[in-house]
Amino acid sequence: GLEVATAGNGREAMRMVEEDAPDVVVTELTLPIMDGTTFLTRLRQNPYYTGLPAVVLSDRDLTRSEEVVLQEKAHAILRSGPEQARELHRALSWILPLESDGGS
């Protein structure tokens with residue numbers, strides 16, 4: 001029930017957010033041109049987007065310093081894997097009113 005827009009890289013994602021601010025941003029860390037951490041840092045530098053909910057997906061183990069930085073900038077950090085869809089639905093349901101149970 002959500003309208004989804006996708007970007008091919010972090011720079012494109014930033015442009016899309018600036019053109020039409022979404023209700024929530026979901027980003028991977030590994031992105032071409034501008035990685036997810038840089039994207040979130042730039043997003044949070046704009047006072048208009050400081051409260052915009054953000055969810056991070058990671059397919060790798062994070063260092064402690066990466067975790068600290070991301071915890072300051074994101075509402076949730078999710079690990080890629082078999083439970084990713086369910087965990088993403090759970091995280092989004094804390095942020096948005098969702099109707100389905102995420103496929104369970």
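The values are calculated or read from the model by the stated rules, or taken from the named source; none is laboratory data. Since we're looking at a predicted model, the values are computed, not measured. For neighbour counting, all protein chains shown are included, and Cβ atoms are generated from backbone atoms with ideal geometry for every residue, glycine included. Quick note on the areas: whole protein, heavy atoms, side chains included, nothing else; ligands and nucleic acids left out. Shrake-Rupley method; radii C 1.70, N 1.55, O 1.52, S 1.80 Å.
Here are the numbers for this structure:
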quantity: Amide H contacts under 5 Å for Ala54, placed H, 5+ residues apart; calculated: Val25, His75, Ala76
quantity: Angstrom value of the Kirkwood radius, inverse mean 1/r, which spans all Cα pairs in the chain; calculated: 14.2 Å
quantity: In sequence order, calculated HN-Hα J values of segment 75-90 (Karplus, 6.51, -1.76, 1.60; Hz; x Gly/Pro); calculated: 7, 8, 10, 10, 8, 5, x, x, 9, 4, 4, 5, 5, 5, 4, 4
quantity: Fraction of antiparallel bridges per DSSP, the chain only, in percent to nearest 5; calculated: 0 percent
quantity: Distance between modelled label sites at Arg64 and Leu2, nm, 7 Å Cα→Cβ extension; calculated: 3.2 nm
quantity: Largest to smallest accessible area among Arg44, Arg15 [probe 1.4 Å]; calculated: Arg15, Arg44
